[in-house]
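Since the structure comes first, as structure tokens, the remarks are kept for the end.
The values are calculated or read from the model by the stated rules, or taken from the named source; none is laboratory data. Just so it is clear, the model here is predicted, and its values are computed rather than measured. Here the Cβ is made from the backbone with ideal geometry for all residues, glycine too, and neighbour counts use every protein chain on show. To get the accessible areas, we keep the full protein, side chains included, count just its heavy atoms, and leave off ligands, DNA and RNA. Shrake-Rupley method; radii C 1.70, N 1.55, O 1.52, S 1.80 Å.
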Amino acid sequence: MTKLKFAIVGCGSIGKRHIAVLDAEPEAEIIAICDTDLTKANEQSNLYNGIKVYNDYNLMLNEIDADIINVVTPHHLHADMTIEALNKGFHVLVEKPMALTTIDCARMNEAAIENKKNLWVVKQNRHNVPIRLAKEALQHNRLGKVFMVKCDILWNRYQGYYDESPWRGKKQFEGGSLYTQASHFIDLLVWWFGDVVNAKTIMETQNHQIETEDSGISVIKFKNDTIGNLIWTTCVYNKNYEGSITIIGEKGTIKIGGQYLNKIEYWDVEGFPLPEGIEFSDKPNAYGKYQGTSSNHDKVIKSIISQMKGRSFETVDGVEGIKSIHAIEMLYGSAK
């Protein structure tokens, strides 16, 4: 079996998840990891049998023989690191958010086209069982005209979450909660209902000593005429409460909830009951030496490998990835 060769830049919490998923994937091989913090990189190297370590990204790109670079660094680094890897002949998988501006996203897509390389964006929630069931219902017009959608992201982040990081909570480096906590939800809304064409947002920083907002409410109009409401906060007491999406249509109502959009809380669709015996497998990642939170990064990797090997695939490319960044810019812009 020919294995695809991966190198990962960024060994923080999400970087650890990428390393664990790739280590568990039989058609993948990790040939190098990179982080400016050598302690973090060496910890991961020691955990996974001595993966080659770099603390200089340029040096790694110049020395390695890899197929794909996973860019898993703070948000503000995504664009330049992705472009650099594409220009040096690698395919790239970049974590969410794709970048902090649509201008940077466009630069990334242009580099992919110019170098004839693939650029993918991590959108693991698209693989969740409840999400796929809702997508199928919408694709087949099971709900008739969709009137409205309500999305609640009601989470907890304690002050230490921001204090322990040099980039979280900083406008220049993180962008804001819509990029960090809400971007996967926004991706799903745009995937289902089309681009945001109008929005009105109120947002505040209520409970943290940070530059970015920690709470907001947006009223949204989507391209297909669905109206929406997005509520997000990191101020929930003690622990995450829920992340949910409720769709209200002419012929049905669906609510997807749980902490990570991994549970169908309500399903009433005319002539389309939930199939029996559904296996709800969207549980927090557990890959041997890694215990994570949300699920399905493994499906993202498998889909990329399938595409590279000419099999069927369900990947999200940079052209699709830019859509959620445009929506976020619309939401933030409407608050000014």
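The portion of the accessible surface of segment 92-184 made up by carbon and sulfur, rounded to a whole percent, is 52 (1.4 Å probe; DNA, RNA and ligands excluded). In the assembled protein chains, TRP155 presents an accessible area of approximately 20 Å² (probe radius 1.4 Å).
For segment 108-217, the solvent-accessible area with a 1.4 angstrom probe is 44 square angstrom per residue. Put a plus charge on the Cβ of each Lys and Arg, a minus charge on the Cβ of each Asp and Glu, and nothing anywhere else: the dipole of the chain about its Cα centre is then about 500 debye. Remark: spin-label model distance ASN229-HIS326 equals 2.7 nm, labels positioned 7 Å along the Cα→Cβ axis. Legend: residues HIS76, HIS208, sorted from most to least accessible area (1.4 Å probe; ligands, DNA and RNA excluded), read HIS76, HIS208. Computed 3J(HN,Hα) for segment 121-127, one whole-Hz value per residue from the Karplus formula 6.51 cos²θ - 1.76 cosθ + 1.60 where θ = phi - 60°, is 10, 6, 9, 5, 5, 5, 8, glycine and proline marked x.
Length gained on full extension, GLU211 to GLU279: 20.3 nm, using 0.36 nm per residue less the C-alpha separation. Extension gain for GLU270-ASN198 works out to 22.9 nm (0.36 nm per residue, less the C-alpha to C-alpha distance). Once backbone amide H atoms are built at 1.01 Å from N, LEU93 has ILE69, ASN70, VAL71, TRP120 as its partners under 5 Å, excluding neighbours fewer than 5 places away on the same chain.
Within the full protein context, the accessible area of CYS34 is estimated at about 0 Å² for a probe radius of 1.4 Å. Between MET308 and ASP65, the modelled label-to-label distance comes to 1.5 nm, taking each label 7 Å out from Cα in the direction of the beta carbon. Please give the FRET efficiency for ASN240 paired with ARG132, using the beta carbon to beta carbon distance and R0 = 30 Å, rounded to the nearest 0.05. My answer for the efficiency is 0.85. Here the Karplus relation 6.51 cos²θ - 1.76 cosθ + 1.60, evaluated at θ = phi - 60°, turns the backbone of segment 324-336 into coupling constants of 5, 5, 4, 4, 4, 4, 5, 5, 5, x, 6, 8, 7 Hz, with x for every Gly and Pro. Once backbone amide H atoms are built at 1.01 Å from N, ASN240 has ASN156 as its partners under 5 Å, excluding neighbours fewer than 5 places away on the same chain.
Sorting LEU38, LEU100 by accessible area puts them as LEU38, LEU100; the probe is 1.4 Å, largest comes first, and only protein heavy atoms count.
Annotation: extensible slack from HIS140 through LYS221 equals 27.0 nm (criterion: 0.36 nm per residue apart, minus Cα-Cα distance).
Taken along the Cα-to-beta-carbon direction at a fixed 7 Å, the label points for GLU43 and MET1 span 3.0 nm. Under 5 Å between amide hydrogens, built in the peptide plane, is the criterion, and for VAL197 it picks out LYS221, PHE222, LYS223 among residues at least 5 positions away or on other chains.
Mean residue ellipticity at 222 nm, helices only, the chain: -10000 deg cm²/dmol; runs of at least 4 DSSP H residues each add -39,500 (n - 2.57), and the sum is divided by the number of residues. Using a cutoff of 8 angstrom between alpha carbon atoms and counting only pairs six or more residues apart, the relative contact order for the chain works out to 19 percent.
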